[in-house]
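Shown next, in structure tokens, is the structure this report addresses.
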Amino acid sequence: KQAEKAVHQKKEQSKTKCRKARRRHINLVAEFNHRQRKNIWLETHIWHAKRFHMVKKWGYCLGNSPTEKSYRACYRAMTKHCLLQDLSYYCCLELKGKENELLKQLARICSIDTGLTFQEACFLSGRFEGSLNLYRADRYPEDMLGPVTFIWKPRDGSENRQLWIWVHPVLKKDILEELKAIFQCTEPEEMCITEPVTTSVQEEKEVVTSLGRKRKKEDKEGEKAVPVKKIIGDGTRDPFQSYSWIAQTTGIAISDRSMEILRYRLIGPLSHSVLTETLKAASVQTV
């Protein structure tokens with residue numbers, strides 16, 4: 001009897017959680033997708049958001065300046081160690097097709113008077129990355145489009161080659177339209193239209209349900225909010241538009257690979273050492 005009495009006298013644990021637990025969303029993925037409806041996050045967004053002042057530019061949410069005085073640390077890393085920058089917001093345009101046809105048309109939007117072009121042997125081998133200025137087709141030295149960087153995929157014995165061109169988000173639209181014009185890539189490839197991924201009603205309810213109590217999610221007009229949509233791709237294109245085009249005559253294909261290929265920049269004398277220590281060659285198994 002005394003034991004049973006002690007159990008009943010024991011105070012019940014409070015069901016009220018702390019403020020941090022009550023504000024924690026059950027489905028973080030759905031919440032992050034909801035917050036990326038207008039501006040896309042980079043893969044390193046969470047790390048930057050905790051340490052940088054974030055700005056919204058070119059359809060992305062980017063780190064602008066650090067919240068603490070880290071300029072000396074960054075300078076020390078660049079001069080003596082290694083500093084890494086996330087440049088994944090740069091847009092990647094992929095070209096596939098025969099090497100001769102690619103070089104023939106690319107020569108129309110660049111000039112050897114400005115420096116090395118796409119057809120240099122050191123760049124064609126795929127060992128080095130090149131940079132140059134692009135112009136409107138057959139309009140050099142007028143109508144400059146802007147600077148780009150590019151790299152060829154190393155040869156595999158076939159006449160078909162693959163070229164990646166990296167452009168700034170501001171220049172992407174004009175350069176993409178010019179490439180489509182010179183290669184006559186007007187036909188979208190099959191299965192190239194991406195649609196937003198709409199979360200289910202249950203996930204939407206989980207996002208707006210806290211651990212302590214439930215609250216209704218409404219928009220500014222007080223009506224029921226629309227389901228969360230995740231934008232596939234990057235902030236520089238409409239998710240309902242095609243991202244790959246092909247020329248029926250030459251077979252040249254142009255694809256928009258923005259946010260599909262990450263890009264990082266390593267600065268400093270120990271950059272090569274960091275890469276060699278981080279990347280390990282995989283063992284090739286022959287059947």
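When segment 6-32 is examined, which residues are found to be outside any loop (DSSP other than H, G, I, E, B) and either at pLDDT below 70 or surrounded by 10 or more Cβ atoms within 10 Å (Cβ to Cβ) (or both)?
Listed by number, the residues that qualify are Ala6, Val7, His8, Gln9, Ala21, Arg22, Arg23, Leu28, Val29, Ala30, Glu31, Phe32.
Kindly indicate whether Tyr135 is in the same structural domain as Ala247 (by the TED database), in contact with an Asp or Glu (Cβ under 9 Å, 6 or more places away or on another chain) and either surrounded by 15 or more Cβ atoms within 10 Å (Cβ to Cβ) or modelled with pLDDT of 85 or more (or both).
yes
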- Kindly establish whether Arg35 is open to solvent by 50 Å² or more (accessible area, probe 1.4 Å), at pLDDT below 75 and basic (Lys, Arg). no
Restricted to segment 38-56 and to residues being open to solvent by 60 Å² or more (accessible area, probe 1.4 Å) and in a helix (DSSP H, G or I), the residue nearest to Tyr264 (Cα to Cα) is Trp47
> Is it the case that Leu103 is on the phi < 0 side of the Ramachandran plot and part of a helix (DSSP H, G or I)?
Replying inline: yes
What about Glu68, is it touching a residue at least 60 places away in the same chain (Cβ under 8 Å) and either open to solvent by less than 20 Å² (accessible area, probe 1.4 Å) or assigned to a loop (DSSP other than H, G, I, E, B) (or both)?
no
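The values are calculated or read from the model by the stated rules, or taken from the named source; none is laboratory data. Just so you know, these numbers come straight off a predicted model, no measurement behind them. Positions of Cβ are backbone-derived with ideal geometry, glycine not excepted, and every protein chain shown enters the neighbour counts. Each accessible area value is taken on the protein alone, full model and side chains, heavy atoms only, with ligands, DNA and RNA left out. Shrake-Rupley method; radii C 1.70, N 1.55, O 1.52, S 1.80 Å.
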